[in-house]
Each structure stands twice: as C-alpha cells, then as structure tokens.
1. How do the pairs read when you match residues in the range 385-405 that are among the acidic types (Asp, Glu) with residues anywhere that are surrounded by fewer than 23 Cβ atoms within 10 Å (Cβ to Cβ) and not in a helix (DSSP H, G or I), using Cβ under 7 Å and keeping only pairs 6 or more apart or on different chains?
2. Identify all residues within the range 305-327 that are within 16 Å of the ligand (Cβ to nearest atom) and either within 12 Å of the chain's Cα centre (by Cα) or under 21 Å from Ser266 (Cα atoms) (or both); write none if there are none.
3. Within the range 436-467, take every residue that is in a loop (DSSP other than H, G, I, E, B) and among the small types (Gly, Ala, Ser) and give me the one that is surrounded by the fewest Cβ atoms within 10 Å (Cβ to Cβ).
4. Of all residues in the range 102-128, how many are farther than 30 Å from Ala341 by Cα and touching a residue at least 24 places away in the same chain (Cβ under 8 Å)?
5. For the range 224-241, give me each residue that is outside any strand (DSSP E or B) and buried (at least 18 other Cβ atoms within 10 Å of the Cβ).
6. Output the residues belonging to the range 408-422 that are among the β-branched types (Val, Ile, Thr) and either under 11 Å from Leu338 (Cβ atoms) or buried (at least 24 other Cβ atoms within 10 Å of the Cβ) (or both).
7. Which condition from (1) part of a helix (DSSP H, G or I); (2) farther than 25 Å from Ser392 by Cβ is the one that Gly100 breaks?
8. When you look at Gly304, is it in a loop (DSSP other than H, G, I, E, B) and in the same structural domain as Ser446 (by TED's automatic domain parsing), yes or no?
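The values are calculated or read from the model by the stated rules, or taken from the named source; none is laboratory data. The structure presented is a predicted model; accordingly, all values stated were derived computationally and were not measured. Backbone-built Cβ (ideal geometry, glycine too); neighbour counts: all protein chains shown.
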Amino acid sequence: MNLLQYCSIFVLIVVSANCKNVPSVEEVCSKLLSKDLKKEISSYKDVTNEIIKYVREGEFKGVTYDELAKFVDTFGPRPSGSQELEDSIDYMIEITKKEGIHDIVTEELEVPHWVRGEEKITMLEPRTKDIALLGLGKSVSTPTEGITAEVVVIEDFTELETKSVEGKIVVYVPVFTTYSDTVPYRSQGAARAAERGAVASLVRSITPFSINSPHTGSQYYEDDVTKIPTAAISLEDADMIKRLYERGEKVVLNVKMTSTLDTKISRNTLVDLKGSGNPEKLVIVSGHIDSWDVGQGAMDDGGGLFISWAAPVVLKRLNLIPKRTIRAIFWTTEELGLVGAYDYEERHRAENGNINFIMESDEGTFSPTGLEVSGNQMARCIVGEVLKLFKSINASTLVEKGEYASVGSDIGVLTKTGIPGAGLLNENEKYFWFHHTEGDTMNVESPEELDLGTAFWTAAAYVIADLSIDIPR
Ligand SMILES: [Zn+2]
C-alpha cells in the first residue's frame, strides 16, 4: 500500500479527518529529490515537447495506427507456435531495418503450440440450446462423442469445497469485479474442479460486458491432477444456466472439444538503439507479439507492440540518442504462460543488473494517463518527477507499487527480481470488453490515441535513458 492509498482509506474511516500526519507523495519526494535533479528533469521539457509534436502533428502522425493496421491485416492472429507468429516476427525485423536500425537480435526458445479444433456445447436439458464457448489454452480434448453430464453451478472456490461435483460439469459463475480477482476461476478452475472429481469445467467469461461473446485465456493444470476439458462460456449463457440451476432444474450439457498440443521454436526479438554514453545500460520498452487464436491481437497486444517498436524508431528519426541504450523487446508466447519473458530473464540473468528501467504496455493503448511504477521510493519519485513533463497530454499520473511488485505480465518476471519498471496506464475501462475475443480487432484502436501512446512511451523512455543518474534499486 502506498501513502496515498493509506491516506484515502484513512479518510474513508474517519470522515472528518485530514491527512496532515501522513506525508503525501509530493512531500516524501520533495525531501528525496535534490533541487538539481528536479531542475535537470524539468530541463527535458523542450525535448519531450519536440517528440510529442513530431508524433502528434508531424511526420509520425498516424504512423503507429497505419503500421499496426498493416501488420494486423497481413498476419491476423499470431498464436504461440504458429507460422503466422514467426512470419510476423520476420516482418517486424524487416520494417525496423528499413528505419536504419540494425542492432536486432532474436533469441530462440521452445514454446507450446496449442491448436483449437472443433468446439461445441449443447444444452440437452431442460431444453435444447447451443452454448457459445471458447476452449481455454492447452485444454485437453473430450472423447469424440463428447462428455454428457449434469451441471453443478459454483460461485466461488469456497462453495466448491462444500458441494459434490463427482462426475459432474462444474460451471463457475464469478461476477467480474477486477481481472486479478476473477481470473483464478479461469486459470485454476479446471485443476480445482478435477481435484474434486468433476469431468469438465466451464467458466463465465472474465469480462464485465458481453454480446454473447466468450473470452478465452490461459489455464494451468496441476501435475498430479487429472486434466479435464475446460472452456469459457458467455455471460448470457452462464447466467441462464445459473438461473435454471437455482430454480432447481436439472441442467445437462454435452461438451465436445478437440485440440492438439506440441512444441515449436519461437523467438524473442530485441531491437537496440545504442546509447551514446553507457550503451551497456538498458531502458527497455516492450509488448508481446503473440496473440490468442481468436480475434486479431490488435489490442492485445498489437498496440503495446507497436508503441514499443515506435520508441527507438522515433528517436532515431529525430536523432535523439540517449546516454543509455533503448531496447525494444517483442516478447513471444505471453499468452500461453509468459514463456518468452522467463527465457529472457534466465538467459540474461548475469547482466540483468544493467537494466536501468523496464517498461511494458499490455493493458491497452487507449489515451495514456501515466505509469504504474515498481521500485523503491527514490525510483518512484524520479519517475513521478519525469511524469510531470506530460501534463500537457494528461499523462502525469503516478501509481506507486513497491519494490519487486508486478506492474505488467511479461515484465513482472523481471520486476519481481528487483528491477525497477513500469506498466502503461491508459483509459482502458473497456479493455476487458474485447480481451481474448473475436472482437479484438483494429476497430478497437484509434489513430489519435496510438499517437498519444507512442509520444508518451517514446519521450518517457528517452528521458529515463538520458538522465545523469541511474534509477536506483
Ligand atoms: Zn496481452
């Protein structure tokens, strides 16, 4: 918990209280940051404005959106282990080289290759109805004739412990609150239900909104537990099943799913704009290039991929070379378990001390509002001071997380080792409407918002990479 949160909770409890005894972030940081450092950071005003202007009004206006659209229209979805993913990696390398950036390395690793086959759920009792579904990542197949069984509706894991689900199909119906609170029913639901003897598990899609659209996602079997088929169903169908069940009706489903699972080789891609003073030190910007097999991966995470691609490109075009190296990483296989990020952390462990700061955008590229920062108090104060440069585009919000906290899916693998980092904050209230569905297309993206994202991402990375001091750990 940070000071501001503490303060607001305090206000909630004691309505009339003020927070004079709890120093604000501003007060804490004003003691930690020297006048000289503040002055130094504010001196970047002109260069950040130059970057913002170039991207929003100059030659780069609309480029992020156009390049993303070209990419998405050419390759479509890019699931882990697919040829489309590998072709899209080659393409990113090609368009980066066209910008005159040739410090590009790819690192091969083994990744899962899960291919969805036919999927169909039919409600047989109390009436016949097709149920919209998407199998969850790495789900096993059912027998050819499917699995026919009665449903037990489960609201939460506590209830699972109290009900008999042996030989039944568990339907989890958690109502979306936040992603992190609700997602365990998707990611652990099958393993937990199988432990109790269920033959399949379904989950109400992890989303606050639906037009009968199921949302897929990753899930994890446990080594010593039977692997049962598992899928997400739409909010509408889940809620109907719940109502029928609560009225005491017997609900029987037939679940038919097929899929295959093997491994392939994929690649992380590292693009370096070498620093002018300390090229061994890195400021990393990143997004993942793989996507789910449904939708187009325009939002998740095409947007994050392209603003991270744009950062070294824009700086190179403007001949703004910071002291430290700007490294753009296009992570592979985020969706099936952060496989690319784990490989990078392990492969580079000996030199990860040189990562000065690591950034990731994987929660939408709507209008940027600031950064969620993981690191010690001094690190957070420095980044907070940098964020003040972005008041003109309303992107000055600092959300503080502690040291070792996760502020992004892929970079969480690195920040939890103590590397300071940040995730992009943006106006992503509708992000989970489209997440992991057929609706993740270019229609979710906006040229103006992507320009703002590119401008902010590029300029913030530039300033941090050029400061006279390292972001401390
Ligand atoms: Zn993502």
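1. That search, which allows pairs on different chains as well, returns Glu385/Leu33; Glu400/Asn2; Glu403/Asn376; Glu403/Gly418.
2. Looking only at the range 305-327, we keep the residues that are within 16 Å of the ligand (Cβ to nearest atom), and these are 305-309.
Residues satisfying the conditions are Leu305, Phe306, Ser308, Trp309.
3. Ser446
4. Here is the first cut: in the range 102-128, the residues farther than 30 Å from Ala341 by Cα are 118-128.
With touching a residue at least 24 places away in the same chain (Cβ under 8 Å) added as a condition, the list becomes 118-126.
Adding up the residues that qualify gives 9.
5. Listed by number, the residues that qualify are Ile228, Pro229, Ser234, Leu235, Asp237, Ala238, Ile241.
6. The answer is Ile411, Val413, Thr415, Ile419.
7. Checking Gly100 against (1) part of a helix (DSSP H, G or I); (2) farther than 25 Å from Ser392 by Cβ, the one that fails is (1).
8. Details: in a loop (DSSP other than H, G, I, E, B): no; in the same structural domain as Ser446 (by TED's automatic domain parsing): yes.
Answer is no for this residue.
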